[in-house]
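Q: One structure follows; several queries about it will come next.
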Amino acid sequence: MKISTQSNDLYQKVTDKILAILETGTTPWQRPWDSAYTNMKLPCNGESGRLYSGINIMLLWIAQAENGFTQRKWVTFKGARNLGGAVRTGEKATEIVFYRPMETEETDSNGNIVYDDEGNPKMKRFALIRGFYVFNIEQCEGLDEHYEPVLQETEELKFALRPEINTLPLKMGITVQHRSQDRAYYQPSNDMIMMPKQTQFESAERYYGVLLHETAHATGHQTRLNRIGIVDNTKFGSEKYAVEELIAELTSAFTCAHLGLRNTYDQNAAYLDAWINCLKSDKHAIFRATAAAREATDYLMDIFDNKELDLAKAS
């Protein structure tokens, strides 16, 4: 995929930001959970309410954690004015990414369209990418009325059961088995999730975080999103395996945020090292992983919200 020199710099800047956090031994998609309970929500545009996606979720979660913001709404200078407020003098903006995959017909040196063996035009892929700047509404004056209430975590919320999440893999046609064991995993060959018993987890939200992580792997099955890390039966320790784990981690984090759950999935330190090596060798890797995670999250949320599948399961 072709990209401009300026785009290359932006890819590297974003990758370096993610790497800096991974090298501390933590992950950018979990850091916001350390503070207020409201931070479980996905960041959104303060004007339109549109949810940010992909790499921008992580960039805004990072900024939120670093600055202690409790609000998830972000605006541009113009957006703040449109809402009747203004960015405070001296406030520092957060850079996020406008990214749009594109394709066009391939041409030869004379400008003629190049065709493949079947007579179809060959397509050349490229990406439009640029940075732009936003401010959290807490960095603005006159926007207090747009604040959302901060809901603090309670023991009741921490241990609250969510049966609708338990049924998500079942709605996908996946078998879930529980045993007294110390690990959870997805078996692509049987399209089955193996889980410890729920009573082995210290909280319901931790159980659901692990369940959603394994369900994220299941989205890659050949009958669903046909993702290479699942379809090729990649082995533990390989780069493809590490990338698939990264996609599942991100998908679980994004889905937890959609469903109002804290993402408390504990990841193996070996994966952190593998992700660091992967990102150091390829500045585009985190963009591909977040794009795949966005696709998987959309798939899961479509299934979760599908009332017809609820009825079919009940019948």
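Just so it is clear, none of the values below were taken in a lab; they were calculated from the coordinates. Remember, predicted model here, so these are calculated numbers, not experimental data. So basically every Cβ, Gly included, is an ideal-geometry build from the backbone, and we count neighbours across all protein chains shown.
Q: Just name one of T167, M58, A269: the one whose Cα is farthest towards the positive end of the charge dipole of the chain (beta-carbon charges, Lys/Arg +1, Asp/Glu -1).
A: The residue sitting most towards the positive pole is M58.
Q: Extension gain R288-N110, at 0.36 nm per residue separation less the Cα-Cα distance, in nm?
A: The R288-N110 span can extend by a further 60.8 nm.
Q: For segment 5-146, what's the relative contact order in percent, using C-alpha pairs closer than 8 Å and at least 6 residues apart?
A: 24 percent
Q: Got a sec? Charge dipole of the chain, +1 on Cβ for Lys and Arg, -1 for Asp and Glu; which of C140, A184, A204 is way out at the positive end?
A: Sorting the options by dipole projection puts first C140.
Q: Under unit Cβ charges (Lys, Arg +1; Asp, Glu -1), what dipole magnitude, rounded to 20 debye, does the chain have relative to its Cα centre?
A: 160 debye
Q: Is there a pair in K197/K280; K41/K171; K41/K240; K73/K124 whose C-alpha atoms are over 28 Å apart, and which pairs would that be?
A: K197/K280; K41/K240; K73/K124
Q: Within the chain, which complete DSSP H helices have Cα atoms spanning at least 20 Å along the helix axis and a mean Kyte-Doolittle hydropathy of -1.0 or higher?
A: Span-like helices, by this rule, are 5-22, 204-218, 239-259, 285-305.
Q: Might you report the magnitude of the Cβ-based charge dipole of segment 5-146 about its Cα centre, with Lys and Arg at +1 and Asp and Glu at -1, to the nearest 20 debye?
A: Dipole of segment 5-146, to the nearest 20 debye: 480 debye.
Q: Next question. More than 23 angstrom separation, counting every C-alpha pair in segment 97-185; what % is that?
A: 70 percent
Q: So which residue, out of K240, K73, K122, gets the largest mean-square fluctuation from a GNM of the chain using Cα contacts under 10 Å as springs?
A: Highest fluctuation of the listed residues: K122.
Q: For a quick protection proxy, order the peptides 111-117, 42-48, 229-235 by their average other-Cβ count within 10 Å, most packed first.
A: Per-residue mean Cβ counts within 10 Å order the peptides as 42-48, 229-235, 111-117.
Q: A further question on this structure: Among DSSP bridges having both ends in the chain, what percentage is antiparallel? Round to the nearest 5.
A: The answer is about 75 percent antiparallel.
Q: So in segment 5-146, what percent of DSSP beta bridges are antiparallel if you round to the nearest 5?
A: Among the beta bridges of segment 5-146, antiparallel pairing accounts for roughly 90 percent.
Q: I've got another one for you. Express the relative contact order of segment 159-314 as a whole percentage, based on alpha carbon pairs under 8 Å and six or more residues apart in sequence.
A: 22 percent
Q: For q values of 0.07, 0.11, 0.12, 0.15 Å⁻¹, compute log₁₀ I(q)/I(0) with the Debye formula on a Cα-only model of the chain, without solvent.
A: Listed by q, the Debye log ratios stand at -0.32, -0.77, -0.91, -1.30.
Q: So what is the calculated 222 nm ellipticity per residue for the chain, using -39500 (n - 2.57) for each DSSP H run with n of 4 or more, over all residues, to the nearest 500 deg cm²/dmol?
A: Mean residue ellipticity at 222 nm (helix-derived): -12500 deg cm²/dmol.
Q: Over all directions, average the projected area of the Cα convex hull of segment 5-146 and note it in nm².
A: The number I arrive at for segment 5-146 is 12.5 nm².
Q: Another question, if that's okay. Counting each pair of different Cα atoms once, what's the Kirkwood radius of segment 172-285 in Å, rounded to one decimal?
A: So the Kirkwood estimate lands at 14.7 Å.
Q: Remind me, relative contact order of the chain in percent, using alpha carbon pairs under 8 angstrom and six or more residues apart?
A: 19 percent
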